[in-house]
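Worksheet: the structure to be examined is printed underneath.
The values are calculated or read from the model by the stated rules, or taken from the named source; none is laboratory data. In this text, all values refer to a predicted model and were calculated from it rather than measured experimentally. Cβ sites come from the backbone with ideal geometry, for glycine too, and all protein chains shown count toward neighbours.
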């Protein structure tokens, strides 16, 4: 039973508080195992729900969906509603410890009977309606009422008590708030779900109509060869009461079903209307805990016998996992596939954005490094250019200096050549003059010698030499001769002493 101080989502290991036993059933994302509480020794059912680990994944149940189911179960306490006892959470899953409902599914129990009279049917339908009335009184819509979610607490009881289970799709309806979705099991969903219209408590009443139809006939009213055909039959209200299955069914029972299988939600019976329907009230209602076992023999007369329910178990091809309760219609499958594709694309886009961000960061880093390297190279290039320009200028200046020096050398060579030629010419002239002077000197000596000889006067010759008159006259004559002959240069050279060799 529910404890008064129940912790929500305990972050502890369920194995520390419960001994986990054998599996009782499994669904798409959940497995139910029997467990025993260590402290009390009481038996419970542990529902292990796998959590969805990422936004883009389609495996597992979203945590907010599990939270919604837990919130609803914690707020409910009714004889025909399964009770939540405890909640545990780990990194990968949430474990709901629920009241152990060990009697199996209602339809499995009924399919083992040879036949089912309407009185028996109404006894079970009343329990279903009472459970739904409790839900609707709290503005809670189950949205997945089907035979698999109607269980027996104890099938060995005289009139087994039913328990409504699996609130994975249940929602609390808020006045004035729009709510649309595509979910449920194809055979039992209302037209407003198929057509994606505003949803409310009325969708549960439609499912009750389908359950009643199957309970009394063993056939499914809208079941087609494919899920698409099934959904089309629901939208088109394509059903009837085949005489093969309803030949012995009362008009009140058919009227009960007709007033539930109404496309216009405003004209569909409410839960209170269903409980007040003559077919439900005609057999009275007793407390199931005190009711004797209903006879299993066929009735007679006014108590017609419908076909056995084993036919439904064979004919139904419901694709939803047993007690799974999650989306299973073809339309919802397409929507789920589209949602999964969108999620995958969002994941891929997010990954691509991360890669793009990383690449952009890498590119920015490379660009900064390139800019630094480019600036360094530009600076080095400019420096090298300046050095090259300076070197070119220096080279041009050196080349100009070299050319000027070469011209100077040429000019110096030419000057030297001219000086050498002039010098040679003047040497030749000097040599000629020297020869002339030598001849003149010899001539003078000859003239003087003749005069010395003619006078014969030794005493006079010494007197003349002493007076210097002779020498002065000779020298003056020679100097005059040199000035006239070769100018100052030869004259200076001629001033050198004349040796005997000359």
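Observations
- Residue match in the stretch 344-359 (condition: surrounded by 10 or more Cβ atoms within 10 Å (Cβ to Cβ), without any contact (Cβ under 8 Å) to a residue 24 or more places away in the chain and farther than 30 Å from residue 59 by Cα): yes
- Matching residues, the stretch 108-119, being surrounded by 22 or more Cβ atoms within 10 Å (Cβ to Cβ) and not in a loop (DSSP other than H, G, I, E, B): 110, 118
- Residue count, the stretch 194-210 (criterion: touching a strand residue (DSSP E or B) at 6+ places or on another chain (Cβ under 6 Å) and assigned to a loop (DSSP other than H, G, I, E, B)): 1
- Within the stretch 231-276, restricting attention to residues that are over 20 Å from residue 220 (Cα atoms) and without any contact (Cβ under 8 Å) to a residue 24 or more places away in the chain, the residue that is surrounded by the fewest Cβ atoms within 10 Å (Cβ to Cβ) is 266.
- Residue 91 exposed (fewer than 15 other Cβ atoms within 10 Å of the Cβ) and touching a helix residue (DSSP H, G or I) at 6+ places or on another chain (Cβ under 7 Å): no
- Being modelled with pLDDT of 95 or more, assigned by TED's automatic domain parsing to the domain that holds residue 205 and more than 16 Å from residue 212 (Cβ to Cβ) is a property that residue 272 has.
- Selection from the stretch 209-243 of residues that are more than 48 Å from the chain's Cα centre (by Cα) and at positive phi: 218
- Filter pass, residue 138 being within 26 Å of residue 183 (Cα to Cα) and either assigned by TED's automatic domain parsing to the domain that holds residue 11 or touching a residue at least 12 places away in the same chain (Cβ under 8 Å) (or both): yes
- Some residue of the stretch 178-185 being surrounded by fewer than 24 Cβ atoms within 10 Å (Cβ to Cβ), over 23 Å from residue 261 (Cβ atoms) and at pLDDT below 95: yes
- The residues of the stretch 211-227 that are farther than 13 Å from residue 188 by Cβ and in a loop (DSSP other than H, G, I, E, B), listed by number, are 218, 219, 224, 225, 226.
- When 130, 37 are checked against the criterion of being crowded, with 16+ Cβ neighbours inside 10 Å and at pLDDT 90 or above, a single residue qualifies: 130.
- Some residue of the stretch 364-375 being within 29 Å of residue 53 (Cβ to Cβ) and free of Cβ contacts under 8 Å to residues at least 24 places away in the same chain: no
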